[in-house]
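Just so you know, all these numbers are worked out from the coordinates, no wet-lab data involved. Quick caveat: nothing in here was measured; it's all calculated off a predicted structure. Counting neighbours? That spans all protein chains shown, and the Cβs are built from the backbone with ideal geometry, glycine included.
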Ligand SMILES: Cc1cc2nc3c(=O)[nH]c(=O)nc-3n(C[C@H](O)[C@H](O)[C@H](O)COP(=O)(O)OP(=O)(O)OC[C@H]3O[C@@H](n4cnc5c(N)ncnc54)[C@H](O)[C@@H]3O)c2cc1C
């Protein structure tokens, strides 16, 4: 539901305007929260919106999906004794208004071409920041539409497609950014092709699009799937009544909440450890919707109608190991595995793209440049599964790094 002006103003009026704004420090990209709130209270919505959008081209998304409790709002001093200022609501109002007002124009071309691989938040941010500096930017993406995980995996009830469409139409296209969809670098197009065709630098923001397997018996059965694929088209999969989700991270919760919406009677998330790794807001929503959590269960075999689990116990050093001979069978007619993601994209020793290698954490320097001059990378594929705002943080560093590299 859209945040109204009065709700956003009520929140802004609660801000204490601290000398040392901890909220800003808690934000990975140090959004200038006090300045934005001040301008907003003075009625300067457009100025406040420009600051937000310049600092974070994904501002309309971050206000909806960031883990605010761990970031800006979790660091608000008011939160120590009472309710923190909900900056996410203020940001939602201002950035939504600004997105309707702003009219970007294509800057004069500086003569340099950039290829961005992947249209997730990392690739979109690099593209926007470099296009503003006069670079001609093309994005190549395996998918049909921009947004990466934000469009294809985060459920629509949390993040509607129109937010990504709006960034494409109102920011990327006016800045002259061109997107080539349905194109996988490493398959139809190689890194060599990109340099042959005159790109001066490449940014790879290809994310992690290959599921980590459990490597247990029964994993290939038709009623079993991986969460990443399930979220892309839940309607394509077996519709279970008693659904088991293996995992307790954000992806697992999204799968569980989607399964409930698709009519499952019972959805249970199983964890090998003893706690939930998803954000508190997400896990609270899940519990509220009737999703159950079972801890200290490690799946060992999947059958047609059940899963066999080994019961684990915590060691003194914090590791969880199987308790001797303790196994339990839990009923499930649909199994969704959320055990993490690996990269589908990698660079081999010659700087060529090389598909299908187990790799997370492609090494980059402090400018996000890989070992191959002119090839930069950022987002999930360099840091492992993180968040949208961390992808933006990386992308900002990479865009500056590319600009420095090409300005030499
Ligand atoms: C289910 C789920 C829920 C999440 N919920 C949240 C949340 O609530 N809040 C939050 O902040 N974060 C969340 N995240 C994490 C967040 O979405 C990611 O950290 C972020 O999207 C990473 O951005 P990225 O640009 O690095 O990669 P991605 O978003 O993965 O985008 C990569 C893009 O590269 C393309 N691509 C891949 N390989 C190639 C190739 N070889 N050639 C061309 N294109 C290629 C892909 O098609 C994709 O469009 C969630 C993740 C998942 C899986």
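Most fluctuating residue of 175, 101, 231 in a GNM of the chain with Cα springs under 10 Å: which is it? Sorting by GNM fluctuation, first place goes to 101.
Take each of the peptides 105-115, 332-342, average the number of other beta-carbon atoms within 10 Å over its residues, and list them starting from the highest. Write down the numbers at each step before the final one.
On the way: 105-115: 14.9, 332-342: 22.7.
Packing order, densest peptide first, comes out as 332-342, 105-115.
Based solely on its DSSP helices, what 222 nm [θ] is calculated for the chain when runs of n ≥ 4 H residues each add -39,500 (n - 2.57) and the sum is averaged over all residues, nearest 500 deg cm²/dmol?
Working: 16 runs with 140 residues, N = 408.
Helix contribution divided over all residues of the chain: -9500 deg cm²/dmol.
Shape class for the chain, computed from the alpha carbon gyration tensor (a ≥ b ≥ c): oblate, with a/c not under 1.5 and a/b at or below b/c. Each of 133, 140 was scored by other Cβ atoms within 10 Å of its Cβ. Arranged with the fewest first, they read 133, 140. The relative contact order of the chain comes to 16 percent, based on Cα pairs under 8 Å that sit 6 or more residues apart.
Return one number: the angle in degrees, 0 to 90 and rounded to the nearest 10, between the long axis of the Cα atoms of helix 45-55 and the longest principal axis of the Cα atoms of the chain. Long axis of 45-55 versus the principal axis of the chain: about 70 degrees.
Remark: spin-label model distance residue 195-residue 288 equals 5.2 nm, labels positioned 7 Å along the Cα→Cβ axis.
Take 393, 35, 366 and order them by how many other Cβ atoms sit within 10 Å, fewest up front. Please report the intermediate quantities before stating the final value.
Details: 393 22, 35 15, 366 7.
Going from least to most buried by this count: 366, 35, 393.
Taking 104, 230, 135 as the candidate residues, the one with maximal mean-square fluctuation in a Gaussian network model of the chain, Cα springs under 10 Å, is 104.
Remark: spin-label model distance residue 161-residue 386 equals 3.0 nm, labels positioned 7 Å along the Cα→Cβ axis. Cβ crowding within 10 Å, taken as a proxy for footprinting-reagent exposure, orders 217, 19 from fewest neighbours to most as 19, 217.
Quick one: work out the % antiparallel among DSSP beta bridges in the range 214-337, nearest 5. Working shown, then result.
Working: 13 of 29 bridges.
Given both bridge residues lie in the range 214-337, the antiparallel proportion sits at roughly 45 percent.
Using a Gaussian network model of the chain with C-alpha springs under 10 Å, which one of 185, 294, 389 is most mobile by mean-square fluctuation? Result for the chain, Cα springs under 10 Å: 294 fluctuates most.
First check a/c for the range 5-78, with a ≥ b ≥ c the square roots of the eigenvalues of its C-alpha gyration tensor; if it is under 1.5, answer rounded, and if not, answer prolate when a/b is larger than b/c or oblate otherwise. Each step should come with its number before you reach the end.
Working: a/c = 1.43, a/b = 1.07, b/c = 1.33.
Because its axes are fairly even, with a/c under 1.5, the range 5-78 counts as rounded.
Taking a ≥ b ≥ c as the square roots of the eigenvalues of the Cα gyration tensor, the range 197-302 is classed as prolate, since a/c reaches at least 1.5 and a/b is larger than b/c.
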